[in-house]
Amino acid sequence: MITVNPDLLSLRPGQRVLDLGCGEGRHAIHLMLTDAVDIFAVDLSQRDIATACARAEPFIAGNQSSGRLLFSVSDALQLPFADNFFDAVICSEVLEHIEDYEGVLAEITRVLKPAGIFAATVPAYFPEWVCWKLSDAYHQVEGGHIRIFREKQLRHSVERYGHQYFARHKAHALHAPYWWLKCLFWGREDQPLVSAYHRLLVWDLMQKPRLTRWLEKFLNPVLGKSIALYFVKPASRDQVHESSPEMLRHATGREPHSEVAA
């Protein structure tokens, strides 16, 4: 289950992609299977990196990969990469965990090439607000969410580093009620409603029935659990403070400020 739409990254063979805060590797592994690119997946958690490596290994051993994948433990505030190193950066469901998220955005700006694509996703405001209202423990656990982003807040924070916004979408609407149930019955993993809904989500993920796919697509604009925003880094300093539709079309092949399906 991925949140970022890979089509909006406009990837080409041989490019380098950073999956920053990769967790257990869902985006990195997906891109390894679909694109002939070099993916660098980093996370601060050694446990998550170990899990991600274990999940990727069968695909690599079975020669199912199109790209190359490297996992490493790294701090998002001090990335071990040169300036202008990556053609695209993914930062999915990470910034809501980090106190100095502005520092992370600065590092992303440093390592992203001019005309490179940056995709950021965070929990959408309304579904996340409901979770916080239903359970304090949901966001007070170690490593939990320390803020609820409003879409305009995140967009303006990224734009202050010169990036040009060009697309957005929401994702995972069917997951919002599941997290509301989890928060309502926090700590009771065997609660029948929570267990039943989890089985539904697993079934949907594995089978991808047409009915639920269309239902989620219909509900995403309102109930999407995550909001994804896409930006392009200016190709020159002269473009930092100006809107450049031509730059966006050249980098992404799309019109600026577009709403896209997840």
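The values are calculated or read from the model by the stated rules, or taken from the named source; none is laboratory data. None of these values were measured; they are calculated from a predicted model. A quick note on method: Cβ atoms are made from the backbone with ideal geometry, for glycine too, and the neighbour counts reach across all protein chains shown.
Tell me yes or no: at least one residue of the range 170-183 is assigned to a strand (DSSP E or B), buried (at least 18 other Cβ atoms within 10 Å of the Cβ) and either at pLDDT below 95 or among the basic types (Lys, Arg) (or both).
yes
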Unique match (being touching a residue at least 12 places away in the same chain (Cβ under 8 Å) and surrounded by fewer than 22 Cβ atoms within 10 Å (Cβ to Cβ)) among Ile108, Ile90, Ile98: Ile98
Between a first residue in the range 60-77 that is over 14 Å from His30 (Cβ atoms) and a second residue that is surrounded by 13 or more Cβ atoms within 10 Å (Cβ to Cβ) and of a type in the set (S, T, N, Q), which pairs have beta carbons less than 8 Å apart while being 6 or more apart in sequence or on different chains? Val73/Ser45
Restricting attention to the range 80-108, which residues are farther than 20 Å from Ala28 by Cα and β-branched (Val, Ile, Thr)? Ile98
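Working only within the range 25-45, note down all residues that are assigned to a loop (DSSP other than H, G, I, E, B) and buried (at least 19 other Cβ atoms within 10 Å of the Cβ).
Initially, the range 25-45 is screened for residues assigned to a loop (DSSP other than H, G, I, E, B), giving 25, 35-37, 44-45.
Correct list: Gly25, Asp35, Val37.
Under the condition of being of a type in the set (Val, Ile, Thr) and at pLDDT 95 or above, which residue from the range 104-145 is nearest to Phe231 (Cα to Cα)? Walk me through how you get there before you give the answer.
We begin by selecting, within the range 104-145, every residue of a type in the set (Val, Ile, Thr); these are 104, 108-109, 111, 117, 121-122, 130, 141.
Checking the rest, the ones that are also at pLDDT 95 or above come to 104, 108-109, 111, 117, 121-122, 130.
Working: Val104: 15, Ile108: 12, Thr109: 11, Val111: 14, Ile117: 6, Thr121: 12, Val122: 14, Val130: 28 Å.
Of everything passing the filter in the range 104-145, Ile117 is nearest to Phe231 (Cα to Cα).
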